[in-house]
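Just so you know, all these numbers are worked out from the coordinates, no wet-lab data involved. Computed from a predicted structure; not experimentally measured. Methodologically, a virtual Cβ is constructed for each residue, glycine included, from the backbone with ideal geometry; neighbour enumeration extends over all protein chains shown.
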Amino acid sequence: MTEWPKRVSVLRIAVLLVALFDVFALVVLVRFTPIVFTLFMFFGELLFAVALLLLVGAILADLRAKALLPWGSDRPGTPS
């Protein structure tokens, strides 16, 4: 079995959280009740924010692994 790099796993989690956010938003759109809307406002925004942070982290980790960022200790020739 192939072991995925951590940045790929983080990206998969971010995509899963965004999909969960979309399903939650669809539930609010189809069946609008005050309780569902309140839960969406508390948990939906939190899901989206966590997914966005994970996505940015995965992108930066990928760029750092490919030595495209000007900073980081993974770059060859830089002292750690």
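If I go through segment 1-38 residue by residue, how many of them are touching a residue at least 12 places away in the same chain (Cβ under 8 Å), of a type in the set (Phe, Trp, Tyr) and closer than 18 Å to GLY57 by Cα?
0
Against the definition (more than 30 Å from PRO5 (Cβ to Cβ), out of contact with any Phe, Trp or Tyr (no Cβ under 9 Å at 6 or more places or on another chain) and part of a helix (DSSP H, G or I)), how does PHE32 come out, yes or no?
It is false that PHE32 is more than 30 Å from PRO5 (Cβ to Cβ), out of contact with any Phe, Trp or Tyr (no Cβ under 9 Å at 6 or more places or on another chain) and part of a helix (DSSP H, G or I).
Which members of segment 2-36 meet the condition of being under 24 Å from LYS66 (Cα atoms), more than 16 Å from the chain's Cα centre (by Cα) and not β-branched (Val, Ile, Thr)?
Residues satisfying the conditions are GLU3, TRP4.
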